[in-house]
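Encoded as structure tokens, the structure appears first; notes follow it.
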Amino acid sequence: MTTTAPAPRPRRVLPTLASYRREWLVPDTVGGLSAGAVVVPQAMAYATIANLPVEIGLYTCIVPMLVYALLGGSRAMSVSTTSTIATLTATTLVSAGVAAAADDPHDAVGALMMLTLLVGAILLLARLLTLGSLVENISGATLLGMKIGVGATVAVGQLPKLLGETYDFSGHGFLRSLAAVGQAFGSVNWPTIALSAGSIATLLLLARFAPKVPGALIVVGAGILLVAFAGLEEAGVDLIAPVPSGLPLPGLPELSTLPALVPGALAIAVMAFLESAAVARGIRRTTEPQIDSNQELMATGAANVAGAFFSTMPAAGGFSQSAVNQSAGAKTQVSTLVTVALAVLVALFLGPVLSLLPQATLAAMVFVAVIGLIDIPELVRWARISPTDFWIAVVVALIGLSAGLLAAVGVGVVVTLVLVLRELNIPKLEVDERRGDAIAVHLLRALYTANALENEQAIIRLATDEQATAVVLDLERQDVVTMTVLDMLADLDRELAGRDVVLHLAALPDSAASVAGKDSWYAGLRDAGRAHDTVEEGLTAAAA
């Protein structure tokens with residue numbers, strides 16, 4: 001006698017290190033250093049989208065990345081902040097009145113910590129309720145519209161800095177940012193424009209012709225060298241605020257801001273999970289384990305909760321650094337640990353050097369990163385293939401540009417729910433068999449509260465069209481019976497009886513039948529011999 005050994009339980013900590021091989025250490029190290037060359041300067045740039053100190057972006061490359069490396073299921077995903085999350089963070093802080101009331105970017109850090117904590121708590125609650133697959137039902141059209149709105153809003157918000165204006169308008173929306181561009185034209189700084197144009201050209205050319213070269217690191221290094229040796233600061237090129245050396249110190253969130261931050265935290269949590277899940281699935285090799293949505297919820301939620309106490313921005317999986325990580329050969333999350341170590345070294349020793357970084361350099365990095373979100377060719381393709389999806393994306397994008405990104409996320413979620421419910425509510429029936437004037441109707445999807453009435457009307461039409469005198473309803477998919485479903489079946493029985501058609505029920509699972517048996521109508525149906533174990537029995541009784 002042979003027995004099959006039970007499948008090993010997945011590891012809760014460092015799951016990607018199961019069966020780790022020594023030969024993976026070198027590619028993991030190279031991948032981690034390559035990803036760090038992209039993610040560290042990029043995260044610092046994204047912090048400026050939310051008008052936060054650049055070191056906040058640097059800290060986001062330490063604690064959240066470390067926690068995800070310990071718990072995440074994706075072998076190569078790199079978790080820090082993204083342009084979408086940074087923009088929603090800026091919008092949330094402005095909407096809550098935090099950024100507007102802060103005279104110094106550091107004054108908003110307490111509210112930022114509360115926001116990041118809320119995002120993590122929402123993600124962990126979603127994991128507790130096993131909502132991973134549900135959250136992923138957000139439609140692609142909604143996401144495309146959101147990305148277009150984010151890309152246009154952030155790109156326009158960076159233009160004043162590219163022209164020499166220091167204030168960031170990203171969190172104030174597309175229209176106010178557009179107005180700020182007009183104001184900035186009156187005080188342009190030509191050395192700043194030259195630096196911006198050179199940085200953007202370098203990033204685009206490297207991405208096109210040398211994608212493995214870390215363009216972000218190149219332009220950061222070039223900007224610092226030009227300030228140090230070419231006197232750009234004396235020429236009127238603005239630098240970032242001084243970057244303190246050292247690791248992030250633990251602190252407590254500012255509780256007084258909690259109520260005002262909840263709507264934005266919900267939107268950020270949804271986008272953080274969707275981006276992380278999309279990146280994890282997009283870079284997964286076929287030889288690697290499938291991505292577990294609920295595990296990703298837990299890992300991303302825990303990363304945000306831990307990061308909240310160390311002054312980090314909300315974190316999610318980023319495609320650019322994850323793709324660099326994987327293309328450089330990363331095999332497991334050891335590569336992320338290497339990236340974290342690199343970020344720690346930068347935080348400890350390179351603060352004075354980073355303080356020489358021009359504002360325009362970071363703005364150029366952000367501009368190039370977000371302009372790719374405005375995917376017009378994809379929008380055109382959708383217009384040709386699916387006009388419905390095209391118009392959903394356009395509407396969400398327009399709402400994001402006019403009413404704000406938080407409103408766009410809310411509308412997108414509502415639209416998605418409407419589309420899902422509309423799809424689920426479409427009756428799917430088929431006549432399996434006919435015996436005399438009796439027909440067997442098979443339900444291809446179970447009845448529930450929202451689709452009960454639609455199915456009742458469809459069954460009545462089907463019985464009328466088929467000129468049947470008896471209908472045997474196959475309920476094999478009906479594992480759960482609610483009062484709404486029972487009331488609908490009772491009403492169906494009465495409606496069919498009024499048309500001289502007898503209703504029989506068949507193949508109702510035992511779990512549902514035990515609940516239905518407590519109802520007087522179903523008990524009477526059963527006693528009358530119109531509830532059957534199989535469709536065959538039902539047809540035999542109906543045709544007799």
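Annotations for the structure displayed:
- Being assigned to a helix (DSSP H, G or I), of a type in the set (D, E, K, R) and either surrounded by fewer than 22 Cβ atoms within 10 Å (Cβ to Cβ) or under 25 Å from the mean Cα position of the chain (by Cα) (or both) is a property that Glu456 has.
- Hits in the stretch 394-417 (condition: under 19 Å from Ala152 (Cβ atoms) and surrounded by fewer than 17 Cβ atoms within 10 Å (Cβ to Cβ)): Leu398, Ser402, Ala403
- Flag if Gly318 is at pLDDT below 90 and surrounded by fewer than 19 Cβ atoms within 10 Å (Cβ to Cβ): no
- Unmet criterion (only one of (1) modelled with pLDDT of 85 or more; (2) closer than 19 Å to Ala47 by Cα; (3) in contact with a Ser or Thr (Cβ under 8 Å, 6 or more places away or on another chain)) for Val353: (3)
- In the stretch 221-241 there is no residue that is within 22 Å of Phe319 (Cα to Cα), at pLDDT 90 or above and over 26 Å from the mean Cα position of the chain (by Cα).
- When each of Leu255, Leu205 is tested for being of a type in the set (A, V, I, L, M), loosely packed, with under 15 Cβ neighbours inside 10 Å and not assigned by TED's automatic domain parsing to the domain that holds Ser83, the lone residue that passes is Leu205.
- Some residue of the stretch 104-118 being buried (at least 24 other Cβ atoms within 10 Å of the Cβ) and not in a helix (DSSP H, G or I): no
- Being of a type outside the set (D, E, K, R) and surrounded by fewer than 24 Cβ atoms within 10 Å (Cβ to Cβ) is true of Gly97.
Residue-wise test of (1) touching a strand residue (DSSP E or B) at 6+ places or on another chain (Cβ under 7 Å); (2) in a helix (DSSP H, G or I); (3) surrounded by fewer than 16 Cβ atoms within 10 Å (Cβ to Cβ).
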residue: Ala369; (1), (2), (3): no, yes, no
residue: Ile374; (1), (2), (3): no, no, no
residue: Pro377; (1), (2), (3): no, yes, yes
residue: Arg381; (1), (2), (3): no, yes, yes
residue: Thr388; (1), (2), (3): no, yes, yes
residue: Ile392; (1), (2), (3): no, yes, no
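So that you can scan it fast, the table gives a plain yes or no per residue for (1) modelled with pLDDT under 85; (2) closer than 23 Å to Ala241 by Cα:
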site	(1), (2)
Met77	no, no
Thr81	no, yes
Ala100	yes, yes
Asp103	yes, yes
His106	yes, yes
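- Selection from the stretch 399-427 of residues that are within 27 Å of Phe174 (Cα to Cα), of a type in the set (A, V, I, L, M, F, W, C) and either touching a residue at least 60 places away in the same chain (Cβ under 8 Å) or not in a helix (DSSP H, G or I) (or both): Ile399, Leu401, Ala403, Leu405, Leu406, Ala408, Val409, Val413, Val415
- Only one of the listed residues (Ala241, Ala277) is farther than 21 Å from Val54 by Cβ and surrounded by 14 or more Cβ atoms within 10 Å (Cβ to Cβ). That residue is Ala277.
Quick grid of which residues meet (1) of a type in the set (A, V, I, L, M, F, W, C); (2) touching a residue at least 12 places away in the same chain (Cβ under 8 Å); (3) out of contact with any Leu (no Cβ under 9 Å at 6 or more places or on another chain):
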residue	(1), (2), (3)
Thr286	no, no, yes
Ile291	yes, yes, yes
Ala302	yes, yes, no
Val305	yes, yes, no
Phe310	yes, yes, no
Pro314	no, yes, no
Ala323	yes, yes, yes
Ser327	no, yes, yes
Ser335	no, yes, no
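Here's the yes/no breakdown for (1) farther than 16 Å from Val67 by Cα; (2) touching a Pro at 6+ places or on another chain (Cβ under 6 Å); (3) part of a helix (DSSP H, G or I):
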| residue | (1), (2), (3) |
| --- | --- |
| Thr257 | yes, no, yes |
| Val262 | yes, no, yes |
| Phe273 | no, no, yes |
| Glu288 | yes, no, no |
| Glu296 | no, no, yes |
| Val305 | no, no, yes |
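- Subset of the stretch 498-531 [under 26 Å from Arg435 (Cβ atoms), part of a loop (DSSP other than H, G, I, E, B) and charged (D, E, K, R)]: Arg499, Asp500, Arg530
- In summary, Thr286 fulfils each of the numbered conditions (1) at pLDDT 90 or above; (2) loosely packed, with under 14 Cβ neighbours inside 10 Å; (3) not acidic (Asp, Glu) with the single exception of condition (1).
- Just one of (1) touching a strand residue (DSSP E or B) at 6+ places or on another chain (Cβ under 8 Å); (2) crowded, with 16+ Cβ neighbours inside 10 Å; (3) modelled with pLDDT under 90 fails for Arg434. It is (2).
- In the set (1) part of a helix (DSSP H, G or I); (2) crowded, with 18+ Cβ neighbours inside 10 Å, Phe229 fails one condition alone, (2).
- Of all residues in the stretch 481-491, one or more are more than 27 Å from Met271 (Cα to Cα), assigned by TED's automatic domain parsing to the domain that holds Glu536, assigned to a loop (DSSP other than H, G, I, E, B) and within 42 Å of the chain's Cα centre (by Cα).
- Filtered by the rule that a residue be in contact with a Leu (Cβ under 6 Å, 6 or more places away or on another chain) and surrounded by 19 or more Cβ atoms within 10 Å (Cβ to Cβ), the stretch 517-544 gives a lone residue, Ala531.
The values are calculated or read from the model by the stated rules, or taken from the named source; none is laboratory data. Fair warning: this is a prediction, and the values are worked out from it, not measured in the lab. Reconstructed Cβ throughout: ideal geometry from the backbone, glycine too, with neighbour counts over all protein chains shown.
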